[in-house]
Amino acid sequence: MLSASPPKDSLACLGTHPELAPVAAELLGRAAWDDDPIAYRATALAALLAATGGRFAALVTGEAGQWIAEAQAGARQALPRDLLADVLDAEVSKSQGDWVAVPFAPGSGKSQAIAMLLPEGTPARAGIEVLESLAEVFRAGLAAVTDRHEERRRIRRLETVLEITQQWNQTREVEPLLVHMAEAATRLLDADRASIFLWDRRAHTLVGRPALGMPGGELRLPDDRGVVGRVVRSGQPLRADAATDADWIDRRVDAQTGYKTRNLLCVPLRGKSGELFGAFELINKRQGTFSAEDEAALMELASHAAVALENAQDRQQLLSASRQITEQAAAQVRLIGDSPAMEALRSIIRRVAETDLPVLIFGENGTGKEVVAQSIHYLSRRRDKPLVAVNCAAIPDTLAESELFGHERGAFTDAHETRPGKFELAADGTLFLDEIGDLSLPGQAKLLRVLEERVFVRVGGSTPLATDARVLAATNQNLAEMVRAKRFREDLFYRLNVVTLEIPPLRDRPGDILLLAEHFLETFSKRARRKVPELTEAARQRLLAHPWPGNVRELRNLMERVVYLSTADRIEAEDLAFILDPRGRHEPAPACDKPLGQATDEFQIDYIRRAIAQAGGNMSQAAARLGLHRSNLYRKMRQLGMAIP
C-alpha cells in the first residue's frame, strides 16, 4: 500500500500569512504524487525563494561538526555556520544580518535547519515568520514524499526478490546456485560481499561459500565463532557494526583475507520443517549501515534461498507462496464499468482467456490496456505462472534480441553471465508486449520467427529453447496504417491480430465515469485512512462534463489528488476545478451563438491544426492520427479553407 499524504491541517500553520497559500498549495500538491525526496527538496526551496524574493536558501544537516547542504536554491552563498549552530542548540529561529534560519525538525533529534538570505532591507522578523510558516508545510510535504519513496522502494525490492527466486529455481546445481544467491543479495541490498553458510552439526563447523580471498572460495569456521556462530546458535538475525560491536566480529577472518569488515548482517536459514541448517551473511553496506528494513529483506530472501537449496520437494513451499501472491494480485485486477461496451469487453475476455490465442489490445493512452492483459492472464489456466510485461518502446534496437531471448555469457562485451530473456522468464505463462508498435523492424522480424516456430536461441548460444509463453500485445497506434507505411511488418500484424480487443475511451462510456470515480475514492481513502468523501451533485456533473483526454488514468490521478488534498467530507465542483487547474482558471462553457455548421467547421479546423502540431508538421502522421489518408486530409483542409503547408 502506497502511503502518504501531508497532514490535513498542513495549511493551518500559515496563520496571518494567507498570501502564502498558493506556494503552500504548490508544495502540498506536488507532495501528493511525488516520490523523489531529493527533487522535492530542491523544488520546495525554489518555491520558498520565489515566494519570499530571497537570494539563497538551503536545507542543511549537522553531522560530526560539519554542515552539509542537502538541497539549495539560488546563487550559492557561504552558510552562516555560527547562526545555524545557535538555531539548533536552542531550537529557535534566529537572524544574523540578512540571514534568517529556522529549525526544520524541532523535537525530532535531527540536526536540520533551513537558512535563507533575505532581500536587502527585509525585516528579519518578517522573514522568520514567513520561513517558519512555509517550513512547516515543506516538512509535512517532504515527510509524505519520503514515506511514498520508501514504500515504493520496498515494493520494488519485493518484486525483485520474486524475480530473483524464479531464476534460482532454474538452477539445479548447488555451487552455481550459491554464487547466484550471493550475487543477488549484494545487488539487492547494496552490500560488498555475501556468503551462505551451511551448518555441519556433527563436525561443529560452518562452511561458507562463496568466500572471496579464501582457497577454493570456501571458508570453514567453528560454529561458535563470530556473528555467524551467534546466529546459528540463537536462531535469530543479527546486525553488527565494528564501531559498537567490535567483540562480535571475528577479526581472524579479516587477517586471512586482508579484508576489513565494517558491518555485518546475518540471518538464519531454515528448512521446510523449521530446522535451522545455516545462515545467510552480508558484509559491508556500501553506504551507511544495515537497517531493520535490510534485515527484513534478507530474511525474505533467505526463506526463498532455503527452499531452493532443499531441492524439488521443498520447492512446493515457494510455489505455495507464489500462488498466494497470484491470488492477491488477481483479486486486485478489476475492470470497473457496467456500460454495454465494458460488458462486451468482459465477455470477450472470459472467452479468450482459456485459449492460447494471441490477443492484440487497442486503446488510447490511459484506457487500461495493461489491466485487460492482466485480466486475461489471471482468468487463464496460466494464472499460477509468470506474467512478464515488456515495454517495447523502452528497448534499444541493439538490445532487443537480448532482452526478449536472453544471452549466453561472453556473447558480447558486457555479457558477464548467462541471462534468460523475457520469453524464458515467461515460460508456460504470459508475455505482455506493451507498445508493440514501437518495436524496431529487426526486432519485429525476430519476434515473428519465435511466434511461428515457438523456439528461440539465446544471443551467443546454439541450443534451441522451446517456449510455451502466450503472447498478448497492446498499442495505441493504428497498426494497419503503419503496415501501409512500411513501419510495421504485415506478417507480424496478421500473426498477432488473431483476436482483437478495443478498449473504448472514457468519453465514449460516460455511464462508467461516476462508478470509476467512486471506486478510486474508496481505494485511496483506505490508503489515506480517511472517510470516503461524498461527491455532490454539482461535482458529479463536473466529472461527467469533462472530456477526459487522459482516460481512466486521468480520472484515477484526479481522485487520488482529491483524497489527499481535500479535507471536507463532501467534494464540491469547485474542489474538482481547483485540482484540474491549480491556478484556479476555468474555461467558460462555449456559448451557443453560432449555426451548427459554422461551429462544426471551426471545431474541425482547430482539431486538424492540433493533430498537425502534435505530429511535428508531419502530414502523414497527422493523417494517421485523424484516421485519414494523407490525400483525404488535404482535401478536407481545402474544403475548410485552411492553408496547406
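The values are calculated or read from the model by the stated rules, or taken from the named source; none is laboratory data. All values derive from a computational prediction rather than experimental measurement. Note that we place each Cβ from the backbone using ideal geometry, even for glycine, and neighbour counts take in every protein chain shown. Just so you know, the surface numbers come from the protein's heavy atoms only, side chains and all, with ligands and any DNA or RNA stripped out. Shrake-Rupley method; radii C 1.70, N 1.55, O 1.52, S 1.80 Å.
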request  = Need at least 1 residues that are open to solvent by less than 40 Å² (accessible area, probe 1.4 Å) and among the polar types (S, T, N, Q) per element, so show me which strands (runs of 3 or more DSSP E) inside the stretch 52-136 make the cut, counting only ones lying wholly within it.
outcome  = 56-63, 112-117
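Before we move on, is residue 295 among the acidic types (Asp, Glu), in contact with a Pro (Cβ under 9 Å, 6 or more places away or on another chain) and modelled with pLDDT of 80 or more? Give the derivation first.
Values: among the acidic types (Asp, Glu): yes; in contact with a Pro (Cβ under 9 Å, 6 or more places away or on another chain): yes; modelled with pLDDT of 80 or more: yes.
Judged against the criteria, residue 295 is a match.
Residues that are surrounded by 13 or more Cβ atoms within 10 Å (Cβ to Cβ) and acidic (Asp, Glu): find the helices (runs of 4 or more DSSP H) completely inside the stretch 404-498 holding 1 or more of those. Steps first, answer last, please.
Values: elements: 422-425, 441-453, 479-484, 490-496.
Answer list for the stretch 404-498: 422-425, 479-484, 490-496.
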message = Looking at the structure I just gave you, is residue 554 open to solvent by 70 Å² or more (accessible area, probe 1.4 Å), assigned to a helix (DSSP H, G or I) and of a type in the set (Asp, Glu)?
response = no
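Pick from 232, 207: which is open to solvent by less than 70 Å² (accessible area, probe 1.4 Å) and part of a strand (DSSP E or B)? Outline the logic, then answer.
On the way: 232 fails: part of a strand (DSSP E or B).
After ruling out the rest, the residue left standing is 207.
For residues that are in contact with a Ser or Thr (Cβ under 6 Å, 6 or more places away or on another chain) and not in a helix (DSSP H, G or I), scanning just the stretch 557-573, find the one that is most open to solvent (accessible area, probe 1.4 Å). Break it down stepwise before answering.
Looking only at the stretch 557-573, we keep the residues that are in contact with a Ser or Thr (Cβ under 6 Å, 6 or more places away or on another chain), and these are 563-564, 570, 572.
Still in the list and also not in a helix (DSSP H, G or I): 570, 572.
Values: 570: 115, 572: 70 Å².
Looking at residues that are in contact with a Ser or Thr (Cβ under 6 Å, 6 or more places away or on another chain) and not in a helix (DSSP H, G or I), I get 570.
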request  = Kindly check whether there is at least one residue in the stretch 262-270 that is under 35 Å from the mean Cα position of the chain (by Cα), modelled with pLDDT of 80 or more and part of a loop (DSSP other than H, G, I, E, B).
outcome  = yes
query = Are there any pairs with C-beta distances below 9 angstrom linking a residue in the stretch 75-88 that is among the charged types (D, E, K, R) to a residue that is open to solvent by less than 30 Å² (accessible area, probe 1.4 Å), with the two at least 6 apart or on different chains, and if so which?
reply = 76/56; 76/58; 86/101
note = Going through (1) farther than 30 Å from residue 152 by Cβ; (2) open to solvent by 40 Å² or more (accessible area, probe 1.4 Å); (3) out of contact with any helix residue (DSSP H, G or I) (no Cβ under 8 Å at 6 or more places or on another chain) one by one, residue 262 fails only at (1)
key: Subset of the stretch 137-167 that is more than 30 Å from residue 305 (Cα to Cα) and within 15 Å of the chain's Cα centre (by Cα) - its residue that is surrounded by the fewest Cβ atoms within 10 Å (Cβ to Cβ)   = 146
task = Could you give me the residue pairs with C-beta distances under 6 Å whose first residue belongs to the stretch 518-533 and is without any contact (Cβ under 8 Å) to a residue 24 or more places away in the chain, whose second residue is open to solvent by less than 40 Å² (accessible area, probe 1.4 Å) and not aliphatic (A, V, I, L, M) wherever it lies, and which are 6+ apart or on separate chains?
result = 532/525
query = So, in the stretch 235-257, of the ones that are under 20 Å from residue 196 (Cα atoms) and in a loop (DSSP other than H, G, I, E, B), which residue ends up most open to solvent (accessible area, probe 1.4 Å)?
reply = 236
